[in-house]
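Student: Pasting a structure here, questions to come.
All of the numbers you see were taken from the coordinates with simple rules; none came from a lab. Worth saying up front: this structure is predicted, and the values here are computed from it rather than measured. Glycine gets a Cβ as well: all are built from the backbone with ideal geometry, and neighbour counts include every protein chain shown.
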């Protein structure tokens, strides 16, 4: 963990976990062959409409972590992505959470069904 990510107690500042979730989510989409840029190029956006984080352990300065992201639930126009933060230094799962995303038209910003090409990749 970077020093800039920590608070005065040497722990990762709580809001930074949402940034780590975003990085893991972006990597997950890229690994499935559809980076966010591609979703947007096809006329869609995928905003976060709900986020939850549960802190179960410590991550401190210079700890090494891995963040796992996976699709937990898919509905007509929304997707729930779940996350686990693994602290390689301590061997613990230190943080869990999820984000809900709604597929919207980039033009109207109204909810729309997840297109088949994206649903198959998820």
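Student: Sorting 93, 114 on the 10 Å Cβ count, fewest up front, what's the list?
Tutor: Fewest-to-most Cβ neighbours within 10 Å comes out as 93, 114.
Student: Sticking with this structure for a sec: Roughly speaking, what is the stretch gain from residue 48 to residue 92, that is 0.36 nm per residue apart minus the C-alpha to C-alpha distance, in nm to one decimal?
Tutor: So the chain would gain 13.1 nm between residue 48 and residue 92.
Student: Of the peptides 12-22, 36-46, how do they stack up when ordered by the mean number of other Cβ atoms within 10 Å, highest first?
Tutor: For the peptides 12-22, 36-46, the packing ranking is 12-22, 36-46.
Student: Quote the FRET efficiency, to the nearest 0.05, computed for residue 4 versus residue 66 with a Förster distance R0 of 22 Å and r equal to the Cβ-Cβ distance.
Tutor: Rounded to the nearest 0.05, the efficiency is 0.70.
Student: Could you work out the equivalent-ellipsoid semi-axes for the range 3-121, taking the square root of 5 times each eigenvalue of the Cα gyration tensor, largest first, in whole Å?
Tutor: Each semi-axis is √(5λ); the values are 30, 13, 12 Å.
Student: Just rank 102, 85, fewest to most, by other beta-carbon atoms within 10 angstrom.
Tutor: If I rank by nearby Cβ atoms, fewest first, I get 102, 85.
Student: Using only Cα atoms and rounding to the nearest 10 degrees, what angle (0 to 90) does helix 16-31 make with the longest principal axis of the chain?
Tutor: Around 50 degrees separate the two axes.
Student: Using 0.36 nm per residue, how much length does the chain from residue 107 to residue 74 gain when fully extended, once their Cα-Cα distance is taken away?
Tutor: Length gained between residue 107 and residue 74: 9.6 nm.
Student: Once you have the Kirkwood Rh of the range 1-59 from its Cα pairs, apply Stokes-Einstein at 10 °C and 1.306 mPa s and quote D in µm²/s.
Tutor: Rounded to a whole number, D works out at 118 µm²/s.
Student: Something else: Taking the number of other C-beta atoms within 10 Å as the exposure measure, put 9, 103 in order starting with the fewest.
Tutor: Fewest-to-most Cβ neighbours within 10 Å comes out as 9, 103.
Student: Using Cα-Cα distances under 8 Å and only pairs 6 or more residues apart, what relative contact order does the chain have, in percent?
Tutor: Normalised by residue count, the contact order of the chain is 27 percent.
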